[in-house]
Amino acid sequence: MTKEINTILTAARRHCDTVIKPNIESWNEAGIWPREASDLAAAAGLAGLYCPEEYGGQGLSLGDGIRVYEELGKGDGAYAFALSMHNICAYATCGYGTEAFKTQWARDLTSGRKLANFALTEPQSGSDAANMYTRATINRDGTLTISGSKAWVSLAGEADVYLTVVKTSEIPGHADMAMVAIPRDAAGLSFGPRYQTPSYAFLPLSEMYMDQVTVSGDNIILPPGQGLQGALMAIDIARVSIASGCCGLMESALDTALAYAKNRKMFGGVNLDLDGIQWMLGDVMTELEASRLLYRSAANKLGTPEGPVMAAHAKRFVPDAAVRAANTCTQVLGGMGLLAPYGLDRLSRLAQMLRIVDGTTEVSRVVIGRALQKRAAGLADLAVPKGFGEI
Ligand SMILES: Cc1cc2nc3c(=O)[nH]c(=O)nc-3n(C[C@H](O)[C@H](O)[C@H](O)COP(=O)(O)OP(=O)(O)OC[C@H]3O[C@@H](n4cnc5c(N)ncnc54)[C@H](O)[C@@H]3O)c2cc1C
């Protein structure tokens, strides 16, 4: 019996209200990943959302499970993002890991005793992910020895295992790429200085260095030839998860603006009496409703041929809508919107971050553009009226 989605959504809402919202400012001040909070999230069933119950997961479909980030995103988009990446890694482990790897890691990941993240980006390659330098040599005994650098690794040094995309030859392109799990305590693994990210300082981010790191062949999650394809599937899930988190962020911004505007006295009434203010916030609400429909539709298409382009539509539209929502809601509060206690400035920076991570808005446009070219190729040529030359 898989857990009811409503039970999990209620748990996520409670986690947001009792753990994230009351503590987010102190987490940012401390600049430390709140491990006790992610332990509580795991205890509430939020660390193995799509993993089968035999491994301690909730057994939810992607379409259902992704809705959790909308609840968490009401508290903090970066926290929701980090948990979404952990869940994707747990899902990859249960779905694609070797039996030996699953035996060692699956239950630890679904229970949150161990955290996981994903390392694809390199200092010289973000959007152009195939331009990868990290190399794994497959040794005669089946082990792999890995050297290279990754960049923008979330949960850097905090996660217990990193699902790392590597090249396994010098041949250009992605045909030789694999995904390998590197435990944090592997000899030769180290992390660079923390990036300074004031709006989500609690999320450790840094480069990750692999100097002759040797791991067992059991740690191959995806063999050579499947690494980039698998990473792109993971990124599709991540894109829709981010769109889900953005909806939470938009709702949080909107409710802050409404709670303020209904009391702010001006011109013999209150701010929310002004048509202009109602229209601004009305547009935020319309975009929130549209965003919800889009990400939920995309989530239900994951794993089908339409999944990648639907994920691109969600990632293209929703974080942009979240940036507009956070900025509009800041504007509604006037100068007060810029003050820390209202949290709107933080939401603007988070929304902008969510436009970038796991494929930028522009990269989503590229995916959509390619799908349009395919669609055009399947259409009958449009006849040119007599008297006109070639179009
Ligand atoms: C907070 C945060 C956490 C992250 N966590 C992780 C992680 O855990 N693991 C991981 O592997 N990565 C992670 N990343 C990396 C992230 O996925 C990359 O930042 C992202 O893919 C963009 O790459 P880039 O930053 O190198 O930008 P670039 O690729 O250098 O892009 C620069 C600009 O060029 C634009 N551009 C690129 N291609 C095109 C095109 N064809 N047409 C028009 N414009 C284009 C981009 O949209 C962007 O505006 C994280 C990033 C952030 C910000």
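Some notes on this structure:
- Some residue of region 166-177 being modelled with pLDDT of 95 or more, out of contact with any Lys or Arg (no Cβ under 7 Å at 6 or more places or on another chain) and within 30 Å of L350 (Cβ to Cβ): no
- Unmet criterion (only one of (1) more than 21 Å from S38 (Cα to Cα); (2) away from the ligand (no atom under 11 Å from the Cβ); (3) touching a residue at least 24 places away in the same chain (Cβ under 8 Å); (4) out of contact with any strand residue (DSSP E or B) (no Cβ under 8 Å at 6 or more places or on another chain)) for I171: (3)
Listed here are the residues, each with its yes/no results for (1) in contact with a Pro (Cβ under 9 Å, 6 or more places away or on another chain); (2) of a type in the set (G, A, S); (3) in a loop (DSSP other than H, G, I, E, B); (4) in the same structural domain as S241 (by TED's automatic domain parsing).
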{"site": "H15", "(1), (2), (3), (4)": "no, no, no, no"}
{"site": "P22", "(1), (2), (3), (4)": "no, no, no, no"}
{"site": "W33", "(1), (2), (3), (4)": "yes, no, yes, no"}
{"site": "G48", "(1), (2), (3), (4)": "no, yes, yes, no"}
{"site": "C51", "(1), (2), (3), (4)": "no, no, yes, no"}
{"site": "L60", "(1), (2), (3), (4)": "no, no, yes, no"}
{"site": "G63", "(1), (2), (3), (4)": "no, yes, no, no"}
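- Residue match in region 107-119 (condition: touching a residue at least 24 places away in the same chain (Cβ under 8 Å), more than 19 Å from the chain's Cα centre (by Cα) and under 19 Å from D211 (Cα atoms)): no
- Qualifying positions in region 67-95 - part of a helix (DSSP H, G or I) and either assigned by TED's automatic domain parsing to the domain that holds D358 or closer than 19 Å to R292 by Cα (or both): V68, Y69, E70, E71, L72, G73, G77, A78, A80, F81, S84
- Verdict on A151 being part of a loop (DSSP other than H, G, I, E, B), within 13 Å of the ligand (Cβ to nearest atom), surrounded by 18 or more Cβ atoms within 10 Å (Cβ to Cβ) and in contact (Cβ under 8 Å) with a residue 40 or more places away in the chain: no
- If you go through region 327-360 and pick out every residue that is polar (S, T, N, Q) and either touching a His at 6+ places or on another chain (Cβ under 8 Å) or within 12 Å of the ligand (Cβ to nearest atom) (or both), you end up with 2.
- Against the test of being part of a strand (DSSP E or B), in contact with a strand residue (DSSP E or B) (Cβ under 8 Å, 6 or more places away or on another chain), away from the ligand (no atom under 14 Å from the Cβ) and not assigned by TED's automatic domain parsing to the domain that holds A80, the options T214, T164 yield a single qualifying residue, T214.
- The residues of region 129-148 that are modelled with pLDDT under 95 and either buried (at least 19 other Cβ atoms within 10 Å of the Cβ) or within 7 Å of the ligand (Cβ to nearest atom) (or both) amount to a single one, A129.
- Within region 252-280, the residues that satisfy the criterion of being surrounded by fewer than 20 Cβ atoms within 10 Å (Cβ to Cβ) and not hydrophobic (A, V, I, L, M, F, W, C) are D255, K262, N263, R264, K265, G268, G269, D273, D275, G276, Q278.
- Within region 159-180, the set of residues being more than 20 Å from S125 (Cα to Cα) and touching a Ser or Thr at 6+ places or on another chain (Cβ under 9 Å) comprises V161 only.
The values are calculated or read from the model by the stated rules, or taken from the named source; none is laboratory data. In this text the structure is predicted, and so the values were computed from the model without any measurement. Because the Cβ atoms are built from the backbone with ideal geometry, glycine has one as well, and the counts that use them run over all protein chains shown.
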